[in-house]
1. Pick from the range 7-52 the residues that are of a type in the set (D, E) and out of contact with any strand residue (DSSP E or B) (no Cβ under 7 Å at 6 or more places or on another chain): which of them is farthest from A148 (Cα to Cα)?
2. For the range 93-121, what are the residues that are assigned to a strand (DSSP E or B) and over 18 Å from the mean Cα position of the chain (by Cα)?
3. Going by the conditions given, is F53 more than 22 Å from E11 (Cα to Cα) and modelled with pLDDT of 95 or more?
4. Considering only residues that are β-branched (V, I, T) and surrounded by 18 or more Cβ atoms within 10 Å (Cβ to Cβ), which ones fall in the range 43-70?
5. Is it the case, given these coordinates, that V29 is in the same structural domain as E87 (by TED's automatic domain parsing) and not in a helix (DSSP H, G or I)?
6. Which number in (1) under 25 Å from S153 (Cα atoms); (2) assigned by TED's automatic domain parsing to the domain that holds H162 marks the one condition that L233 misses?
7. Which residue, of I17, I46, is touching a residue at least 12 places away in the same chain (Cβ under 8 Å), of a type in the set (V, I, T) and under 30 Å from A180 (Cβ atoms)?
Amino acid sequence: MAQIDDFFMYENRVEGITDADYQRVQPYVEAAQAFAQTTYQSIYIIDYYRKNFLYVSDNPLFLCGHTADEVRQMGYGFYLSHVPEDEVPMLTELNRSGFRAFYDEPVENRRQCMMSYDFHITHGDRLLLVNHKITPLAMTDEGRVWLALCTVSLSPHKESGHIEFRQFATGEKREYSLEAHRWKNRETITLNPEEKQILTLSAQGYTMKEIAGQMLRSFDTVKFYRRQIFVKLDVQNITEALALATNYGLV
């Protein structure tokens, strides 16, 4: 059975954080609170020195019926209580693999790294698939992650996994194979201006015929572009396409 310590690895051991350091974290918390007021997403901050949660937003998506303060006090115990038992090993594996990918990066680039993955959380009899993103918020002088900012949103996928590592300084994207237990480079998805416009207009509720009128293109041309979007994103409908394009930052 998984233990809380399984989520932490020796390579990211954080040492030497003082009370004076904690007196300077309030701006991070206030920034997270302000961010939480602008989105439905749940926001929380992991403290890798104390191995708990420094802050948890009131947004209900991630709370599974608890209050934000209850989840904050549970810390990593929340995962053991509200993630299906068969998915916890995936979380501990990607945590280790993610930190290894992170420490492969030069210290000066580490703040611009982000990992994204999907897993289920349980709320009573309900099973909800969420997307979880994590990025460094505060680091030690040695370049280790002390605080990390996490966001939780509805997943655009249908199953857990979809583990990605992004390096914004270089534009590099990698995906993790749970079968091969390794990272591999992922080809960057790009949409042309017409495809982006179709997604934007679709999000605004326009029909295919109305989109054709807005773009001054034929119905068949718009249909072709939409089909290309589905192929690039590997989806079956416009709802899935919008969710994935938003998650990938393509529009």
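The values are calculated or read from the model by the stated rules, or taken from the named source; none is laboratory data. Nothing here was measured: the structure is a model prediction, and the numbers come from that model. Quick reminder, even Gly has a Cβ in these numbers, built from the backbone with ideal geometry, and neighbours come from all protein chains shown.
1. The qualifying residue farthest from A148 (Cα to Cα) is D19.
2. Taking the range 93-121 first, the residues assigned to a strand (DSSP E or B) are 113-121.
Answer for the range 93-121, where residues must be assigned to a strand (DSSP E or B) and over 18 Å from the mean Cα position of the chain (by Cα): there is none.
3. No.
4. Filtering the range 43-70 down to residues β-branched (V, I, T) leaves 43, 45-46, 56, 67.
Result: I43, I45, I46, V56.
5. So V29 fails the test.
6. The single condition L233 does not satisfy is (2).
7. Going through I17, I46 in turn, the sole match is I46.
Okay, residues lined up against (1) over 30 Å from Y22 (Cβ atoms); (2) crowded, with 20+ Cβ neighbours inside 10 Å; (3) in contact with a Gly (Cβ under 9 Å, 6 or more places away or on another chain):
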{"position": "I121", "(1), (2), (3)": "no, yes, no"}
{"position": "T135", "(1), (2), (3)": "no, no, no"}
{"position": "D141", "(1), (2), (3)": "no, no, yes"}
{"position": "V145", "(1), (2), (3)": "no, yes, no"}
{"position": "K158", "(1), (2), (3)": "yes, no, no"}
